[in-house]
Ligand code: UDP
Ligand code: MN
């Protein structure tokens with residue numbers, strides 16, 4: 001079968017040796033000693049067919065740059081198919097594998113889809129909760145293992161540890177992904193074996209769920225199902241409520257525009273206008289959290305116009321109340 005590359009067996013020992021030899025690149029970072037994290041995202045090599053698509057991608061990346069700056073996370077944006085077989089949503093497999101081995105200092109990689117928007121700039125992940133696990137998914141254990149639901153987890157925003165186990169997992173998923181007949185056949189298998197899954201070509205999310213369901217003993221104990229906050233929030237249930245959420249305060253960390261496909265002319269599931277306005281609102285809701293730090297905000301979440309929300313006082317930092325300060329000079333940010 002197809003493989004991502006040579007089989008790697010002694011990765012954990014090699015990584016430990018590298019870390020021991022490079023104390024200047026520790027896998028945990030100050031001030032709190034959280035794991036070193038690399039946010040990984042990307043989009044297709046070619047420009048979007050939709051005239052608005054690349055602009056939406058730009059704004060989606062601007063949003064990620066903001067979140068990563070506030071939280072002191074490094075970010076990598078990929079626009080290459082590193083492997084001709086691993087196109088589309090499968091592109092993240094060879095990418096994560098290469099980045100892991102090239103960056104032994106990185107403890108966790110955080111894959112974030114291009115169409116996932118950070119909508120709570122304040123929220124720092126509870127890193128220590130995941131210390132004993134290698135893969136963190138937004139989803140529900142029972143939906144995966146009992147219902148075998150293909151939406152039991154979502155792979156649009158996931159944490160994966162830089163270790164042998166993760167290389168093994170990518171290696172186990174890869175044979176289901178080569179484009180063409182193999183990917184099509186696995187798509188049919190997933191449609192039969194997983195509940196609610198339409199019969200389209202195999203996707204990495206279904207492949208992962210299929211592996212968990214059929215090889216639970218091999219993978220199960222290192223997978224953490226997170227549902228206490230929106231590591232991956234479904235956009236349809238969120239985008240109409242930002243004004244209300246702004247008043248009540250419980251914001252979704254991520255608003256993910258699953259099924260919207262701005263680069264495929266809004267194929268299938270959702271009306272283009274609904275997707276487009278939802279994205280506009282998500283970008284503006286998030287950007288307002290940043291603009292506010294500098295005294296500005298959007299007139300409305302539905303448009304691009306901004307206005308002053310605070311008078312200039314002329315002195316440095318005199319507008320820094322406690323809440324603004326938490327984002328301007330965050331204590332959780334790595335030095
Ligand atoms: N992607 C990529 N290269 C491609 C196509 C997709 O890197 O050629 C990434 C991109 O970040 C995208 C993700 O794969 O967000 C998953 O695809 P998509 O978001 O369209 O799927 P959905 O979330 O709607 O299931
Ligand atoms: Mn997506």
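The values are calculated or read from the model by the stated rules, or taken from the named source; none is laboratory data. These numbers come from a predicted model, not from an experiment. Here the Cβ positions follow ideal geometry from the backbone for every residue, glycine too, while neighbour counts run over all protein chains shown.
Observations on the model:
- Evaluation of residue 90 against (1) in contact with a helix residue (DSSP H, G or I) (Cβ under 7 Å, 6 or more places away or on another chain); (2) away from ligand 2 (no atom under 15 Å from the Cβ); (3) farther than 28 Å from residue 325 by Cβ (one fails), failing number: (2)
- Against the criterion of being within 16 Å of ligand 2 (Cβ to nearest atom), at pLDDT 95 or above, closer than 22 Å to residue 196 by Cα and surrounded by fewer than 17 Cβ atoms within 10 Å (Cβ to Cβ), residue 237 qualifies.
- Considering region 142-158, and only residues there that are away from ligand 1 (no atom under 16 Å from the Cβ) and buried (at least 18 other Cβ atoms within 10 Å of the Cβ), the residue that is farthest from residue 110 (Cα to Cα) turns out to be 148.
- Considering only residues in region 233-266 that are part of a helix (DSSP H, G or I) and within 26 Å of residue 50 (Cα to Cα), the one that is farthest from ligand 1 (Cβ to nearest atom) turns out to be 240.
- Residue 229 being surrounded by fewer than 20 Cβ atoms within 10 Å (Cβ to Cβ), outside any helix (DSSP H, G or I) and within 16 Å of ligand 2 (Cβ to nearest atom): no
- Enumerated strands (runs of 3 or more DSSP E) restricted to region 30-132, each holding at least 3 residues that are within 29 Å of residue 228 (Cα to Cα), within 11 Å of ligand 1 (Cβ to nearest atom) and touching a residue at least 12 places away in the same chain (Cβ under 8 Å): 37-42
- Flag if residue 161 is more than 30 Å from residue 291 (Cα to Cα), surrounded by 17 or more Cβ atoms within 10 Å (Cβ to Cβ) and either within 16 Å of ligand 2 (Cβ to nearest atom) or modelled with pLDDT of 95 or more (or both): yes
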